[in-house]
Each structure stands twice: as structure tokens, then as C-alpha cells.
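Each remark here refers to the structure printed beneath this line.
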Amino acid sequence: MAFPGQPVPGGGFYQGGYGGAPGGPAFPGQAQDPLYGYFAAVAGQDGQIDADELQRCLTQSGIAGAYKPFNLETCRLMISMLDRDMSGTLGFNEFKELWAVVNGWKQHFVSFDNDRSGTVDRQELEKALMNMGFRLSPQAVTAITRRYSTRGKITFDDYIACCVKLRALTECFRRRDASQQGFVNFQYDDFIQCVMSI
Amino acid sequence: GGGPPGAPYGQPPPGGPYGGGAAPGGPYGGPGPYGGAAPGGNAPPGVDPEAFSWFQAVDADHSGYISVKELKQALLNSNWSTFNDETCLLMINMFDKTRSGRIDVYGFSALLRFIQQWKNLFQQYDRDQSGSISFSELQQAFSQMGYNLSPQFSQLLLSRYAQRSSNPSIQLDRFIQICMQLQSTTDAFREKDTGLVGNVRLSYEDFLTMVMTRMM
């Protein structure tokens with residue numbers, strides 16, 4: 001079965017992933033990468049950033065554009081989405097990957113936010129999710145839009161939080177579906193850990 | 001590993017969700033900037049006068065309802081930080097009968113009793129009375145609650161919910177958040193596992209739906 005993740009314009013998946021060691025310039029020219037500048041400015045000696053530092057980093061990189069910067073909980077979610085070694089922090093390569101994914105989602109959001117209000121309505125959220133390839137049941141869509149909307153509107157930050165959760169869950173599922181059948185047998189312990197690590 | 005045969009799941013916390021007792025005070029979940037209770041005459045029938053006066057203090061815009069934002073200002077951890085947004089949202093959703101994203105005085109009153117229940121448990125598991133729960137205390141808490149979860153999982157929760165430090169530990173708000181999510185995740189799983197075998201087969205769509213409708 002096809003998971004969301006076939007590259008689509010502004011899609012929900014990013015097939016990047018650079019090689020090299022975590023933290024520190026991994027290849028010539030990386031130090032000139034403007035993103036590396038933002039990253040290095042907040043990362044400590046260990047070359048890793050936590051949620052607070054990520055929030056600062058993303059704000060400085062201007063990815064939120066005219067929208068309000070991300071709140072801390074959303075940053076924490078973003079880290080857990082890519083935090084493969086479960087350290088609670090991101091190295092530069094993971095940060096780069098994150099930046100590209102979020103940028104893609106942002107383009108999507110912008111294309112729906114016609115009046116530049118910084119919010120979209122429920123129908124637009126539903127359309128955006130479908131375009132990103134997330135096949136959700138009607139109940140799931142209702143629950144999501146209810147959860148993420150305030151007075152019928154969804155802010156950019158909440159939209160990103162929603163995308164992060166969906167993507168993290170998808171990764172979680174996909175890792176366990178080795179044969180790509182679209183079904184997974186979950187043991188209770190594993191299910192709990194999977195869901196609560198997001 | 002799993003639990004004993006026929007019992008793969010943990011138990012809900014001891015006691016019913018709604019105990020009796022006074023509103024929380026002291027260093028845990030205290031009234032925050034509002035200090036002691038204001039004179040609370042004319043409490044609605046069935047509502048504790050202390051809960052009512054606290055409600056009036058927290059309902060900053062006098063709308064007759066308490067929002068997530070207002071609730072957040074009223075609840076404190078032992079380190080004086082306000083409760084985090086996610087926990088406030090989870091609790092509001094739990095006691096919000098109208099699905100409006102806010103609670104009335106009855107919902108608030110029940111919520112206070114709920115918090116008191118969790119506060120009592122928290123203080124019990126906080127063996128060294130440090131005001132927060134460490135890795136070993138968390139392990140013990142899960143075990144006593146009847147969950148059979150790996151140390152790796154507790155470690156994951158700490159890295160996710162605790163502040164980064166040499167000795168990470170969890171405040172009351174995140175403890176409540178973790179336990180509420182554990183319960184609701186367990187309920188979601190149990191619903192599908194009709195044979196009680198500790199194992200379910202889920203399609204991708206079912207999986208997403210289960211999580212997104214429950215774990216909000």
C-alpha cells in the first residue's frame with residue numbers, strides 16, 4: 001500500500017536524510033549553509049538542540065514568516081518526530097530535515113490562507129490533509145478539526161502541530177509494517193510506547 | 001514482556017475519579033496568584049463554597065465559564081510554574097459536557113476533585129518529597145498503578161516531559177498528563193482487543209483514527 005510520503009508538492013513526507021555524523025559540519029560547504037548558522041548559534045558543545053533552542057532557531061530562521069513563531073509544545077513535538085535516538089534533542093542533519101518538511105507544510109498552508117489571516121477554516125484543513133496524502137476516516141477528521149480549531153479557525157502553529165503528529169504516527173506505523181501491507185499487529189506495550197512517544 | 005496471562009493491562013488509579021475534600025492548597029496545584037478564597041456566598045446547589053469562590057476568582061472575564069487559558073493561570077506546580085497547556089486542555093475536555101472548550105462551575109468543581117485525587121497520588125509517589133517525580137519514582141508509580149512498562153519507556157517519558165537537567169524529573173502537570181494519556185491509550189487498545197489477548201491487528205487508517213480521536 002502507499003503511505004503518504006510519495007513526494008508531492010508541499011507533501012507530508014520528506015525523503016531526505018543526509019549522511020554524516022550528527023552535529024558539526026559533515027561535508028564541505030555545510031558550514032556555509034545558512035541553516036547551519038542559525039543552528040550553531042543556539043546549539044551547545046554537544047551539537048544538539050532541545051525544544052527551547054529549536055524554538056529560538058526556527059524563529060530566527062524566519063520559517064514562520066509573517067506568522068507567529070511556534071509555541072514550545074509544538075517544538076517538542078517536532079523533536080519527537082525526528083528524534084530517532086530518543087534523546088529529546090536534534091542534531092544538525094535532523095534539523096535540516098525538519099526545516100525542509102515544515103517549509104513544505106507551510107507552503108501548503110499559505111496556499112489555503114488566501115486572506116493572509118494566519119488561519120484556515122475546517123474545510124481547508126481537511127483538504128490540506130487529504131492533499132498531503134493522509135487518508136483519514138470522517139471521525140478522525142472531525143476529531144482533528146475540533147481539537148485544532150478555535151472558533152472555527154486553525155492557526156498556523158496548530159496546523160503544524162497536527163501535521164507533525166500525523167507524520168510521527170505514520171512513521172511509527174510504517175516502521176512496524178515491514179511487508180508494507182497496511183496492517184500491523186501491535187502488542188499492548190508497544191502500542192503504548194508508540195503513541196506516547198509522540 | 002507482557003503481564004500475567006489474562007491480565008495484560010494495568011489498573012486505573014485507585015479510588016473513583018471524584019473524591020471529596022477541600023480544594024487543593026499549598027505548594028502543589030495551589031490557587032496561584034489568587035491566594036486564599038474570596039468570600040463565596042451564593043454557591044449553586046451541590047457546589048462546594050470554596051470551589052465556587054475559587055471558580056469566581058479564576059473566571060477572570062466573569063463569563064460564567066473557565067477557558068484553558070484561565071485554568072492555566074490558576075494551577076501551579078511545586079516549582080511555581082503554571083500547568084502546561086496540554087494538561088489544561090486534556091482536563092477541560094474531560095469535564096466539558098458541551099464541547100465548547102470551556103467548563104462551567106459544575107465541571108470546575110469536579111475538576112478540582114480530580115486534581116486533588118492526582119495530587120494525592122503524586123505526593124505518594126514522590127517518596128523523597130522533592131516536589132517532582134524522578135525516574136525511579138516514576139517506575140514505581142507505574143508498577144503500583146498496575147502497568148507493566150519497560151524502563152526504556154519511563155526513560156522516554158522523562159526525556160519527553162521533563163526539563164533537560166542532570167537529574168530530570170516530572171512535575172505534577174506532566175504527571176497528570178502522562179497518566180491521563182496512559183489511561184486513554186489503554187482504553188482505546190482495550191476496545192479493539194475484545195479477546196483480551198494483549199494484541200491487536202490494526203489498519204493504518206484505524207490506527208490514525210484511534211489515536212487522533214482519543215489522544216487529544
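Restricting attention to segment A:90-125, report how many residues are part of a helix (DSSP H, G or I), closer than 30 Å to A:Asp46 by Cβ and not small (Gly, Ala, Ser).
Here is the first cut: in segment A:90-125, the ones part of a helix (DSSP H, G or I) are A:92-112, A:122-125.
So of that shortlist, the ones also closer than 30 Å to A:Asp46 by Cβ come out as A:92-106.
Next, from what is left, pick out any that are not small (Gly, Ala, Ser): A:92-99, A:101-103, A:105-106.
Final tally of qualifying residues: 13.
Do you know which of the residues in segment A:85-104 that are crowded, with 23+ Cβ neighbours inside 10 Å and in contact (Cβ under 8 Å) with a residue 60 or more places away in the chain is nearest to A:Gly152 (Cα to Cα)?
In this case the residue turns out to be A:Phe95.
A:Asn131 - would you say it is touching a helix residue (DSSP H, G or I) at 6+ places or on another chain (Cβ under 9 Å), surrounded by fewer than 18 Cβ atoms within 10 Å (Cβ to Cβ) and closer than 24 Å to B:Arg190 by Cβ? It would help to see each step written out before you state the result.
Numbers: touching a helix residue (DSSP H, G or I) at 6+ places or on another chain (Cβ under 9 Å): yes; surrounded by fewer than 18 Cβ atoms within 10 Å (Cβ to Cβ): yes; closer than 24 Å to B:Arg190 by Cβ: no.
Judged against the criteria, A:Asn131 is not a match.
A quick yes/no check of all residues on (1) buried (at least 16 other Cβ atoms within 10 Å of the Cβ); (2) not aromatic (Phe, Trp, Tyr); (3) not in a strand (DSSP E or B):
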{"site": "B:Gly46", "(1), (2), (3)": "no, yes, yes"}
{"site": "B:Phe55", "(1), (2), (3)": "yes, no, yes"}
{"site": "B:His62", "(1), (2), (3)": "no, yes, yes"}
{"site": "B:Leu71", "(1), (2), (3)": "yes, yes, yes"}
{"site": "B:Leu90", "(1), (2), (3)": "yes, yes, yes"}
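Consider segment B:73-87. How many of its residues are in contact with a Lys or Arg (Cβ under 6 Å, 6 or more places away or on another chain) and surrounded by 24 or more Cβ atoms within 10 Å (Cβ to Cβ)? Show your work before the answer.
Let us first name the residues in segment B:73-87 that are in contact with a Lys or Arg (Cβ under 6 Å, 6 or more places away or on another chain), namely B:82-83.
This time we only want the ones that are surrounded by 24 or more Cβ atoms within 10 Å (Cβ to Cβ), so: B:83.
Total meeting the criteria: 1.
Could you grab me the full set of residues in segment A:69-84 that are over 17 Å from A:Met196 (Cβ atoms) and either surrounded by fewer than 16 Cβ atoms within 10 Å (Cβ to Cβ) or at the interface with another protein chain (Cβ under 9 Å from one of its Cβ atoms) (or both)?
Within segment A:69-84, A:Asn71, A:Leu72 qualify.
State whether the residues of segment B:116-127 include one that is touching a residue at least 40 places away in the same chain (Cβ under 8 Å) and at positive phi.
no
Which numbered condition trips up B:Arg99, out of (1) within 14 Å of chain A (Cβ to nearest Cβ); (2) closer than 25 Å to A:Leu72 by Cα; (3) not acidic (Asp, Glu)?
(2)
Which of the residues that make up segment A:49-87 are touching an Asp or Glu at 6+ places or on another chain (Cβ under 9 Å) and either more than 24 Å from B:Glu86 (Cα to Cα) or aromatic (Phe, Trp, Tyr) (or both)?
Within segment A:49-87, A:Tyr67, A:Phe70 qualify.
Taking the options A:Ser61, A:Ser80, name whichever one is at pLDDT below 85 and more than 18 Å from A:Tyr159 (Cβ to Cβ). It would help to see each step written out before you state the result.
Working: A:Ser80 fails: more than 18 Å from A:Tyr159 (Cβ to Cβ).
Unique residue meeting the criteria: A:Ser61.
On the given criteria, is B:Phe108 in contact with a strand residue (DSSP E or B) (Cβ under 6 Å, 6 or more places away or on another chain), of a type outside the set (D, E, K, R), more than 14 Å from every other protein chain (Cβ to nearest Cβ) and in a helix (DSSP H, G or I)? Step through it out loud before you land on a result.
Values: in contact with a strand residue (DSSP E or B) (Cβ under 6 Å, 6 or more places away or on another chain): yes; of a type outside the set (D, E, K, R): yes; more than 14 Å from every other protein chain (Cβ to nearest Cβ): yes; in a helix (DSSP H, G or I): yes.
So B:Phe108 passes the test.
Go through segment A:134-163 and count every residue that is on the phi > 0 side of the Ramachandran plot and crowded, with 17+ Cβ neighbours inside 10 Å. Quick ask: steps written out before the conclusion?
Going through segment A:134-163, the residues on the phi > 0 side of the Ramachandran plot turn out to be A:151-152.
With the extra rule that they be crowded, with 17+ Cβ neighbours inside 10 Å, the set shrinks to none.
Count: 0.
Based on what the data block shows, is A:Gly118 within 12 Å of another protein chain (Cβ to nearest Cβ) and of a type in the set (Gly, Ala, Ser)? Explain how you work it out, then say what you get.
Working: within 12 Å of another protein chain (Cβ to nearest Cβ): no; of a type in the set (Gly, Ala, Ser): yes.
No; evaluated as a whole, the condition is false for this residue.
Looking only at segment A:127-135, decide whether some residue is touching a strand residue (DSSP E or B) at 6+ places or on another chain (Cβ under 6 Å), away from chain B (no Cβ under 14 Å), outside any loop (DSSP other than H, G, I, E, B) and of a type outside the set (A, V, I, L, M).
Just the residues of segment A:127-135 that are touching a strand residue (DSSP E or B) at 6+ places or on another chain (Cβ under 6 Å), to begin with: none.
Within segment A:127-135, not a single residue is touching a strand residue (DSSP E or B) at 6+ places or on another chain (Cβ under 6 Å), away from chain B (no Cβ under 14 Å), outside any loop (DSSP other than H, G, I, E, B) and of a type outside the set (A, V, I, L, M).
For segment A:144-198, give me the residue count where each residue is more than 7 Å from chain B (Cβ to nearest Cβ), of a type in the set (Asp, Glu) and more than 22 Å from A:Ala64 (Cβ to Cβ).
Residues in segment A:144-198 being more than 7 Å from chain B (Cβ to nearest Cβ), of a type in the set (Asp, Glu) and more than 22 Å from A:Ala64 (Cβ to Cβ): 3 in total.
What are the residues in segment A:137-164 that are in contact (Cβ under 8 Å) with a residue 24 or more places away in the chain and not in a helix (DSSP H, G or I), if any?
Of everything in segment A:137-164, those that are in contact (Cβ under 8 Å) with a residue 24 or more places away in the chain and not in a helix (DSSP H, G or I) turn out to be A:Ser149, A:Gly152, A:Lys153, A:Ile154, A:Thr155.
If a residue has to be of a type outside the set (Asp, Glu) and over 12 Å from A:Ile63 (Cβ atoms) to count, how many in segment A:97-109 make the cut?
The initial filter retains those residues of segment A:97-109 that are of a type outside the set (Asp, Glu), namely A:98-109.
Those still in the list that are over 12 Å from A:Ile63 (Cβ atoms) too: A:108.
The qualifying residues number 1.
Restricting attention to segment B:178-209, which residues are at the interface with another protein chain (Cβ under 10 Å from one of its Cβ atoms) and within 17 Å of B:Phe135 (Cα to Cα)?
Scanning segment B:178-209 gives B:Ile178, B:Leu182.
Is it the case, given these coordinates, that A:Asp158 is within 24 Å of B:Ser67 (Cα to Cα) and acidic (Asp, Glu)? Working first, answer last.
On the way: within 24 Å of B:Ser67 (Cα to Cα): yes; acidic (Asp, Glu): yes.
Criteria met by A:Asp158.
Taking A:Ser87 and the conditions (1) assigned to a loop (DSSP other than H, G, I, E, B); (2) within 12 Å of chain B (Cβ to nearest Cβ); (3) under 14 Å from A:Cys163 (Cβ atoms), which numbered condition does it fall short on, given that it satisfies the others?
(3)
The values are calculated or read from the model by the stated rules, or taken from the named source; none is laboratory data. Note that the structure is a prediction, hence the values are computed from the model and not measured. As a convention, Cβ positions derive from the backbone with ideal geometry for all residues, glycine included, and neighbour counts pool all protein chains shown.
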